[in-house]
Each structure stands twice: as C-alpha cells, then as structure tokens.
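Below: the structure, in structure tokens.
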Amino acid sequence: MPSYGVGEIPGRTTGSEEGNWEEFLFRLDEADLSGKRIALFGLGNQQKYYDRFAGSLIHLYHYVAGYGAEVVGAWSTDGYHFTYSNSVVDGKFVGLVLDHHNQPELTKSRILDWLDQIKPALLEKLDC
C-alpha cells in the first residue's frame, strides 16, 4: 500500500487515478474477521518520505484489526533508513515494507524471508 496524501489510505480523494483501498474498504463495514489471520505488506520510499515512510500501512492494519482479524507478519526495521513511520508498532513494521526505489536489490530476499515467516501462521489457520 503506497502512501498518498500524508499517511492516508490511497484512493481517488488522495490522488490515485484508479480506485484503490479507499474505494474497497467500505465493503468490510459489515465484516466479521474474527478468527482470520491477515498479513499486510506495503510500499514506500524511505529517502523521499523519510519522515513518514510507509505511513499508510498502519491505517489498513487498524482497519482489519478493528474487524477482529489477527495481523501476522510484523517486519523488522533493520536495514531501512528513515526517521519516522506510523506503521512501526513495538519496534517493527506492522507488515512487510518494500522500498523498490532505493533498495531494489533487497526486494526479492525480503519477500522470500517474509513468506517463510508468515507461512506457518497462515497454514496453521488452514489446518494444513
């Protein structure tokens, strides 16, 4: 989830040309995500937006957690260079954050490592 505006959920009102999270999330208004496990990931640019890096991800986190979902896949901030992010809780990002603009060489390994991390939690919920 990229940050459009200042840490807002992306959508048409924040400058996205196409429908995005803002246009989708209202569909969850009656949802009960209790007992569901969800893993989040987002995009960011830690050089350009060092003071609010990947800040929109926290909004999605609060949204799904507010409907009862268990969010898995917190990701270390090690190796990133930013001054602040709303999406850091207890010293970790609330999900995988990728900066393909400034660290493209780390994208593939971060994805693979994160998938290895979240796979057991997601499979456990499926009783696999």
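A few comments on the model shown:
- Whichever lysines have a C-alpha closer than 27 Å to that of Lys119, once near sequence neighbours (fewer than 8 apart) are set aside: Lys36, Lys92, Lys108
- Solvent accessible area, Å² - Arg52, 1.4 Å probe, full protein context: 70
- Think of a 1.4 Å ball rolled over the protein heavy atoms: the range 40-90 then has 52 Å² of accessible area per residue.
- For the range 100-114 and the range 30-87, distance of Cα centres in Å: 16
- Built amide H within the under 5 Å cut-off of Gly42, gap 5+: Leu96, Val97, Leu98
The values are calculated or read from the model by the stated rules, or taken from the named source; none is laboratory data. Note that this is a predicted model, so its numbers are computed, not measured. SASA here: full protein model, heavy atoms, side chains in, ligands and nucleic acids out. Shrake-Rupley method; radii C 1.70, N 1.55, O 1.52, S 1.80 Å.
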